[in-house]
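The values are calculated or read from the model by the stated rules, or taken from the named source; none is laboratory data. Please read all numbers here as calculations on a predicted model, not as lab measurements. A quick note on method: Cβ atoms are made from the backbone with ideal geometry, for glycine too, and the neighbour counts reach across all protein chains shown. Accessible surface is based on the protein model in full, side chains and every heavy atom, while ligands, DNA and RNA are left aside. Shrake-Rupley method; radii C 1.70, N 1.55, O 1.52, S 1.80 Å.
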Amino acid sequence: YTNRLNGYTSLNLTKIDVLTKLPGGKLKIATEYKLKGEVLKSFPASLKDMAACEVVYEEFDTWEEDITECKTFEDLPVNCQKYIERIEEVVGVPCKYIGVGPERDATITKTPGRKRKSRS
């Protein structure tokens, strides 16, 4: 919904490295809001409606591999790539920069449209 308001042309995902080995082994992305069983086409208009909404999540498996040395999107674990690709799909905007570690140069610049290689 924020993309509709702000008109993003790309995303900068930071701190993806902190999701490595996340306890519970699952990540969630909120994809929809339901109000009284109906999927909303936009963000709830009032705080009252927001409080009554059910958030619909998609779950993704985490990854165990250390990603701090990854230099390209393809270097990332498949589960990390799937997570990033789904964020792109939900938001409707490509991820251009992916932060994979605490160092200033620990950033992957992703080529627009680049998809994961089928490693399963």
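For the stretch 12-42, which residues satisfy the criterion of being assigned to a loop (DSSP other than H, G, I, E, B) and either free of Cβ contacts under 8 Å to residues at least 40 places away in the same chain or open to solvent by 100 Å² or more (accessible area, probe 1.4 Å) (or both)? Before you say what the answer is, go through the steps one by one.
Here is the first cut: in the stretch 12-42, the ones assigned to a loop (DSSP other than H, G, I, E, B) are 14-15, 20-25, 36-37, 40-42.
Matches in the stretch 12-42: Lys15, Lys21, Pro23, Gly24, Gly25, Lys36, Gly37, Leu40, Lys41.
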* Asked: Any idea which of Glu32, Glu59 is farther than 19 Å from Ile108 by Cα, touching a strand residue (DSSP E or B) at 6+ places or on another chain (Cβ under 6 Å) and modelled with pLDDT of 95 or more?
  -> Glu59
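On the given criteria, is Ala51 at pLDDT below 90, among the aliphatic types (A, V, I, L, M) and not in a strand (DSSP E or B)?
Judged against the criteria, Ala51 is not a match.
Suppose we keep only residues that are of a type in the set (Ser, Thr, Tyr) and farther than 24 Å from Asp61 by Cβ within the stretch 3-29. Which one would you say is modelled with the highest pLDDT? Lay out the reasoning, then the answer.
To start, the set of residues in the stretch 3-29 that are of a type in the set (Ser, Thr, Tyr) comprises 8-10, 14, 20.
Among the residues that remain, those that are also farther than 24 Å from Asp61 by Cβ are: 8-10.
Numbers: Tyr8: 77, Thr9: 85, Ser10: 91.
Once the filter is applied, the top-ranked residue is Ser10.
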* Asked: So Glu64 fits all but one of (1) surrounded by 14 or more Cβ atoms within 10 Å (Cβ to Cβ); (2) in contact (Cβ under 8 Å) with a residue 24 or more places away in the chain; (3) part of a loop (DSSP other than H, G, I, E, B); what number is the exception?
  -> (1)
* **Leading residue by the ranking (farthest from Tyr8 (Cα to Cα)) among those in the stretch 81-106 that are open to solvent by 60 Å² or more (accessible area, probe 1.4 Å) and assigned to a strand (DSSP E or B)** => Tyr97
